[in-house]
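What follows is a short report on a single structure.
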Amino acid sequence: QVQLVESGGGLVQAGGSLRVSCAGSGRTVSSYHMGWFRQAPGKERDVVAAISVSGAYTYYADSVKGRFTISRDNAKNTVYLQMNSLKSEDTAVYYCAASVTRPGAGTRDYEYWGQGTQVTVSS
C-alpha cells in the first residue's frame, strides 16, 4: 500500500497562489489514480480535483475550474495542486488520496489518504 504526505500549505492573501504537494512512499503513486479533497470546519470533505494514472484525464470541481490545476510527476512520486486566484472560501484542510479503481469525485472512491495540510486565505 501507499503512504501519502501533503506539504506546502500555509497562509496566503486573497488573489494569491499556492502549490500543495503530495508525496508517496511505500508503493509508488504512479500505480494509483489520485485526488485532492478539502474540508472546511463544520463541512463535509469535498473533491477539488482528480487525475488518472496516466494524467490524461483530469476532473475539477466547478468552484475551482480555471483557477486550480492538478498534475503528477510519477518519476518524483508526487502529485501537485497548483492554486491560483485564491479566495477566502478556499480556506480548508487539503487532503490527497489514492484510488486503485478510478479518479472519482467521491471520498468512497479512494482507499488511501494523507493527513492533510492547512490552507488559509486571508481577505
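Mind checking which strands (runs of 3 or more DSSP E) fall wholly inside segment 6-60 and carry at least 1 residues that are without any contact (Cβ under 8 Å) to a residue 40 or more places away in the chain? Even if it seems obvious, please write down each step before you answer.
On the way: elements: 10-13, 18-26, 33-39, 46-51, 58-60.
Once the strands (runs of 3 or more DSSP E) in segment 6-60 are filtered for at least 1 residues that are without any contact (Cβ under 8 Å) to a residue 40 or more places away in the chain, what remains is 18-26, 46-51, 58-60.
Taking segment 78-92 as the search range and keeping residues that are open to solvent by 30 Å² or more (accessible area, probe 1.4 Å) and free of Cβ contacts under 8 Å to residues at least 60 places away in the same chain, which one is nearest to Gly24 (Cα to Cα)?
Thr91
Quick one: which residue in Ser99, Ser122, Ser31 is at pLDDT 95 or above, surrounded by fewer than 18 Cβ atoms within 10 Å (Cβ to Cβ) and of a type in the set (Ser, Thr, Tyr)?
It is Ser122.
Please tell me if Ser71 is open to solvent by less than 80 Å² (accessible area, probe 1.4 Å) and within 10 Å of the chain's Cα centre (by Cα).
Working: open to solvent by less than 80 Å² (accessible area, probe 1.4 Å): yes; within 10 Å of the chain's Cα centre (by Cα): yes.
When the stated conditions are applied, Ser71 passes them.
The values are calculated or read from the model by the stated rules, or taken from the named source; none is laboratory data. Keep in mind that this is a model prediction, so the values were computed, not measured. Counting neighbours? That spans all protein chains shown, and the Cβs are built from the backbone with ideal geometry, glycine included. Ligands, DNA and RNA are excluded from the accessible area calculation, which covers all protein heavy atoms including side chains. Shrake-Rupley method; radii C 1.70, N 1.55, O 1.52, S 1.80 Å.
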